[in-house]
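Undergrad: The structure under discussion is supplied below as structure tokens; questions concerning it will follow.
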Amino acid sequence: MPRKICSAAALYALSAVLAGCGDGGGVSSASSVPVPDPNAHSVGYSFTAVGPLAPAPAWTSGTYQAVGVIENADRATYSKLPAGGASITVDRAAKTYSLTLAAGTIAVAPQSFKVPTLTDPTTNTDWSSSFIGYSVKSVIRWSDGVTRPNQDGTGDATAGQYTQPRQRVTTANGDRVRDSFLSVSGTPGRHVSLGAWAITEWPINPDGSQGNSDVRSAGLFVFGDRTAPADIPVSGTAHFAVETPGVDPYDITHPIRSTSFDVDFSARMITAKLAGSLDLSLYSSGGLCCFGWEENVPQGTVVGTVTTTTKASGTAPFTPSGSFDIALAGSFLMQTKRTDNTVEPDVTKAVTGSISGAFFGPKAGELGGTYNLPDLWSGTPESNQVGAFTAVQTAP
């Protein structure tokens with residue numbers, strides 16, 4: 001999994017496409033007035049909330065129990081959140097999210113994150129600012145006054161990374177320094193949303209400086225309106241296709257790009273299928289790039305390309321309450337092509353993992369959960385693939 005969980009989650013799609021312009025309005029070659037360079041400009045932005053979105057848990061007030069995975073103490077593997085291990089409280093009026101953790105290295109009860117007011121991104125380095133629960137229209141204004149295509153864009157303020165300033169806290173282990181962030185994402189009109197958190201603490205030395213050792217709690221989760229047991233169908237079948245609301249594990253750089261589910265309500269069984277591939281650059285240092293954390297590009301020069309292909313599936317019963325835990329099994333293939341034409345053998349191995357989640361919405365019309373495919377190739381934390389997902393039942 002990318003170590004920076006939310007590094008690639010784009011909150012707004014702001015497009016600025018340069019286009020050709022005229023010859024300066026008929027200015028003669030003898031004129032001393034220079035012809036404006038259409039590519040020499042500064043850009044101003046303005047944002048306007050243009051209307052409320054359809055309901056979704058990500059911006060509907062309430063307290064929701066989370067279903068998900070939590071990073072283990074070795075910081076290299078993940079395990080399923082226990083029942084009651086995490087909850088999130090959404091306060092739309094106050095524009096806050098409060099995350100309560102009862103499991104993991106750091107227990108926080110609660111940790112509140114304020115949704116910042118969106119103003120001018122040219123003065124705001126945190127692009128996660130958002131109007132909670134509103135569609136936002138962004139306008140790119142070019143200083144030269146030339147009209148360009150796609151200079152206006154409208155995006156839903158449905159996701160964001162909310163970061164707490166570094167703070168000094170008093171814990172059972174004494175005074176410590178804490179960094180934390182929460183990422184939340186949702187799709188208008190859906191009954192399940194998703195999120196991710198990471199909270200890190202460092203000890204404070206006797207001289208007041210920050211210590212070197214640290215403890216960390218991190219995880220991914222889904223939350224929302226769970227389907228009532230009596231509302232889960234008792235007959236028929238259904239197919240669910242995963243949606244992509246914008247949380248980093250489903251960024252285009254992530255190798256697991258296809259996930260689907262088939263449910264047999266009569267047999268009370270559910271089947272999950274995951275698949276995906278990824279092209280990576282191989283560096284002379286032996287490093288691979290990129291997984292959505294391009295700030296960690298390896299040193300050296302590119303000496304080839306590595307293509308990975310992963311497939312995994314599994315079938316399991318779901319409980320009367322609509323939750324499921326599916327053991328996954330499949331295969332992993334890594335193929336290397338070097339620029340010097342040196343032939344390297346393919347790497348193949350068996351893949352095992354798990355996928356857990358639950359039904360959400362009326363008549364079990366939606367799914368949400370997390371998957372975990374540990375140690376796909378290199379024996380390092382970066383080779384783990386952990387993701388959160390939401391899925392919707394497709395038409396027959």
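What follows is calculated from the coordinates using simple rules that are stated; it is not laboratory data. Note that the coordinates shown come from a computational prediction; the quantities given were computed from them, not determined experimentally. FYI the Cβ positions are ideal-geometry reconstructions off the backbone, even for glycines, and counts take in every protein chain you see.
Undergrad: Structure shown: which of Lys95/Lys273; Lys80/Lys311; Lys311/Lys363 lie over 25 Å apart, alpha-carbon to alpha-carbon?
TA: From the list (Lys95/Lys273; Lys80/Lys311; Lys311/Lys363), the Cα-Cα distance tops 25 Å for Lys95/Lys273; Lys311/Lys363.
Undergrad: Taking amide H positions as placed 1.01 Å from N in the peptide plane, with prolines and chain starts having none, which residues 5 or more places from Gln210, or on another chain, fall under 5 Å of its amide H?
TA: Result for Gln210 returns Asn205.
Undergrad: Need the C-alpha centroid separation for region 336-374 versus region 171-232, integer Å.
TA: What the calculation gives is 24 Å, centre to centre.
Undergrad: For region 56-65, what does the Karplus curve 6.51 cos²θ - 1.76 cosθ + 1.60, with θ = phi - 60°, yield as ³J(HN,Hα) per residue in whole Hz, taken in order and with x for Gly and Pro?
TA: Computed from phi, the couplings for region 56-65 are 7, x, 4, 9, 10, 4, x, 10, 10, 7 Hz.
Undergrad: Still on this structure, I have one more. State the extension gain, in nm to one decimal, for the chain segment bounded by Lys80 and Ile204, taking 0.36 nm per residue of separation less the distance between their alpha-carbons. Show your work: numbers first, answer last.
TA: Details: separation 124, 0.36 × 124 = 44.64 nm, distance 3.13 nm.
So the extension gain works out to 41.5 nm.
Undergrad: For the residues Leu81, Leu288, what sequence is obtained by ranking on other C-beta atoms within 10 Å, fewest first?
TA: With the sparsest Cβ surroundings first, the list reads Leu288, Leu81.
Undergrad: Points 7 angstrom from Cα along the Cβ direction at Asp340 and Ala102: gap in nanometres?
TA: Inter-label distance under the simple model: 5.8 nm.
Undergrad: If you take the beta carbon distance between Ala275 and Thr237 as r and set R0 to 22 Å, what does 1/(1 + (r/R0)^6) give as a FRET efficiency, to the nearest 0.05?
TA: 0.55
Undergrad: A further question on this structure: Residue by residue through region 349-364, what is 3J(HN,Hα) from phi via Karplus (6.51 cos²θ - 1.76 cosθ + 1.60, θ = phi - 60°)? Round to whole Hz and write x for glycine and proline.
TA: Values per residue, Gly and Pro as x: 7, 6, 10, 10, x, 7, 9, 10, x, 7, 7, 9, x, x, 6, 6 Hz.
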